[in-house]
Structures are given as C-alpha cells and as structure tokens.
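The values are calculated or read from the model by the stated rules, or taken from the named source; none is laboratory data. Worth saying up front: this structure is predicted, and the values here are computed from it rather than measured. Reconstructed Cβ throughout: ideal geometry from the backbone, glycine too, with neighbour counts over all protein chains shown.
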Amino acid sequence: MLLPLHSRRFDVIVLGAGAAGLMCAATAGQRGKRVALLEHGGQPGRKILISGGGRCNFTNLHCGPLNFISENKHFAKSALALYQPHHFIELVDRYGIAWHEKTLGQLFCDGSSRAILDMLLAECALGNVEVMLKAQGIQVVRSAGTGFQVECSRGSFQADTLVVATGGLSIAKMGATGLGYDLARQFGLEVVKPRPGLVPLLLGGEEQQWTLLAGVASEVVASAGGSSFREKMLVTHRGLSGPSVLQASSHWRSGEELILDLAPGRKVLAELMEVPLKPGVRRDLASLKQALREAMPQRLANYLAEANAQNGWSNVALSACEQKLHHWAVHPVGTAGFDKAEVTVGGVNTDGLHARTMEARAVQGLYFIGEAVDVTGQLGGFNFQWAWASGVAAGRAV
C-alpha cells in the first residue's frame, strides 16, 4: 500500500483510545513525544464510561500478578510493579476526584466515571496528544525508510513507533473488533485464541430448571479450571451469573463442569443428622427446607430440597445431600458470548513481547498493550490496572 506524500509525521501513533491507549498516549506525550491517538469510534473511553455501573471501578488495592490469567503467568509482573494502584490513586487525587473502597479492595468514583475519562483526556492534552476520532478502515504497513505508515478515514500518518491498544472482542456493540489480533498476525506474532471472559454461563437440558429461580442471588464458591471464587451467584433467565460465576467463567472451558459450594463454610444438615433428634425436629421435606433456608434464599432452598427429597431421610442419604450441597456440579452449554463478556481472555501471545516495555521482540517499534494482550484480570478493577500499567510501560519506552 503506497501512501500519499502528504502523510503527517509523528513520533508515536497509538491505535485505540480506550483505557490503555489514553494512558500510553498521555505518558508518551508528556515525555515530549509527538503523539497521534487514533480511535475508530466516535467517542474515546466508552468502556470506561460504562464500567462499575457508571462509577468506574478504576483499580484494586490488592492487585498483583496472581489476579491475572495468561499462558505466561509471570509476564505481567514487570509492568504491574512499574505502575501500581497507589500511582493511579495519586493521579486521581491530583484531579480532586472523590472515590471510595467498596469491597475486596475495589475502588470506585463517588460520582460518574466521566471524571476518570476527563482526567485521562486532560493528561493527553498536557502532552499535546492529537486525538482523532472516527479513524475507520485502519491499515498499517512498515518500511525501512518511513517506519510505520497508517492510513484510515482521517488521513495518512507516519511514525517510527506504533502502539496497538485496540482492545479485545468483548462488547461488539461498543465497537470491539479483532484489529489488534489482525495486526499481530500481520507482523508475525502469535495470538492465543480469544474467548469470552467474565461472562454469564448458559444452562441447557434438565439444568434449565435453574432458570425458574431467575433473580435469586446467593453467596457461593464457584470453581472452574482449578480456581475458586467466593462471592454472590445470580440465577438468570438463561443460566448463572453474578460475581462468583463471572470470575469462574474466565477459567471455564467448553465441556467442563462448574462446581458450586452452595453453603460455603456451613454444615447445613447437622441437626437433622443428630441421633437422637432434638424435640420438634423431624426428618422430612419441611425440615430439610427449613435447614436450607437458614443458609440460603428461600426459593433456592426449596428447589434444592425438592431435588434431594427422593433420596430419603437416612443418615447416609442426608450425608450425601450435605456433600452435594458443597460440590454441586452444573454443566454449562456455553457462555453468553462476547456481547455480554466484560473482557476477552487470550490475545497477543506474550512470548513475542518484552515484559518491561510491551515491545514486540521481532519488530522494533511495535508495541501491544491492554486487553489486546494475553493478560486478563479478575473482576474488580484488575483489568483497568493492567491497562494503566501496560500503557505506562509502553509510554515510557517509546
């Protein structure tokens, strides 16, 4: 592809004005680099605006490498050490943005997530970053003489450095595309197959009966792929969701079981298994329902009791029921897909990137950051912290 002679020249071109792209552009710009930030949509930071129910869960106090999924579990360490939660909190405080800790180290704005986006845009302005929206039809070539040449609907651009911050496939209605993966393959980098993460799981067959409990929320431990999460589960009209299930979904693979501890830390049927029984305690369906109601919502208790009643009331049957309550296997038929997924698991293989800078090992001047990379955080502000950290790592290196 030959570009017109009037192509504009920059030091750095950043593709994608999401969390990582904005952070990278601001960091590079404030180091004196001339930066062009190209966004194919009509608005920057759309995921920032909807995150945290509109209050932006912008980081997590307990962020560390163990909170991330990657085929290389060590890759994220360098960037996360370089730019930690307290660094971003200092930036937020400098702009006078009020925030609070909700649960489990999750930090949210007291007001609108718009404050975080406005802060990042202000940081870009301090670095004289040129933000260009509706830059559609992006194509990239590289030549020895001119570096990277980008052509799109907003014109033609050249730079020695190209940073790809185009995100993953989650939430297509917000403009998510596979451009980052296409560019990685174009330049010889491998891509770990993307799949939906932090996504509701769907139930089928006999397990569709669970959907009759739609709206029920209960604390459980959900386990998949060797990882377990104790938080709320929400039954939906299509299957299971809620923080615990969303967390487990990132580790779940098609055809595998999802294991639920429906009464974590409790021995629910202890009183029914005593011999002799206390006065007024019977072994029947009503007593089983009552025992379960003390550990979980009534509708869920009734459902589980009726599902186990046919096994009888012997100590053996009650013991088996107790064990099942703590190891209830469900068999999801799939996920709700990228349209409902909060993140994308997989992405540009980290074997092809330098951990401290995000630069491609085999292509000088080419960087990949944020969700485009095979680093996926848990629910609760971790993915934003990866965006900030990887963006700063690249922004300081370009």
Review point. Listed residues GLN385, GLN323; which is in a helix (DSSP H, G or I), under 30 Å from GLY167 (Cα atoms) and either touching a helix residue (DSSP H, G or I) at 6+ places or on another chain (Cβ under 8 Å) or not assigned by TED's automatic domain parsing to the domain that holds ASN57 (or both)?
Key: GLN385
Review point. Here are some conditions: (1) without any contact (Cβ under 8 Å) to a residue 40 or more places away in the chain; (2) in contact with a Phe, Trp or Tyr (Cβ under 7 Å, 6 or more places away or on another chain). ALA291 meets all but one. Which one does it not meet?
Key: (2)
Study note, to complete from the structure: Selection from the range 344-398 of residues over 14 Å from the mean Cα position of the chain (by Cα), of a type in the set (S, T, N, Q) and surrounded by 24 or more Cβ atoms within 10 Å (Cβ to Cβ) yields SER390
Exercise for review: Just give me the residues in the range 113-140 being touching a helix residue (DSSP H, G or I) at 6+ places or on another chain (Cβ under 9 Å) and exposed (fewer than 14 other Cβ atoms within 10 Å of the Cβ), in sequence order.
Suggested key: ALA122, ALA125, LEU126, ASN128
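Let's see how each residue does on (1) of a type in the set (D, E, K, R); (2) out of contact with any Cys (no Cβ under 9 Å at 6 or more places or on another chain):
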site	(1), (2)
ALA26	no, no
SER51	no, yes
ASN60	no, yes
LEU66	no, yes
ILE69	no, yes
ALA79	no, yes
ASP93	yes, yes
HIS100	no, no
THR103	no, yes
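GLY226: under 21 Å from PRO196 (Cβ atoms) and free of Cβ contacts under 8 Å to residues at least 60 places away in the same chain, yes or no?
yes
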Practice item. Would you mind stating whether MET174 is free of Cβ contacts under 8 Å to residues at least 60 places away in the same chain and under 29 Å from HIS87 (Cβ atoms)? Key: no
